[in-house]
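See below for the structure under consideration.
Bear in mind that the values in this text are calculations on the coordinates, not laboratory data. Nothing here was measured: the structure is a model prediction, and the numbers come from that model. Backbone-built Cβ (ideal geometry, glycine too); neighbour counts: all protein chains shown.
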Amino acid sequence: MSTSSIQAGNPAIHTTSGSDSVQGEHRRKNRIGLAMLSPSVLVLLVWMAVPLAMTIYFSLIRYNLL
């Protein structure tokens, strides 16, 4: 007479090729979206960084105490 035991643990995760292609499609769409957004984000960063840098520069160089 033999006994067998079943250990409880994490179930095996099985992926199918269909779910892989869906993930790949989502990643591709995300990359396209990020590529289209990046120029506008860079313009906004420059739009904010240049005046900030000029303000700091002029406050250190061209100061007038009166």
>> Using a Debye calculation, one point per C-alpha and no hydration shell, please list log10 I(q)/I(0) for the stretch 20-66 at q = 0.13, 0.24, 0.31 Å⁻¹ in order.
In response: -0.53, -0.83, -0.99
> Summing +1 for each Lys or Arg and -1 for each Asp or Glu, what net charge is found among the other residues whose Cβ lies under 13 Å from the Cβ of residue 23?
Replying inline: +2
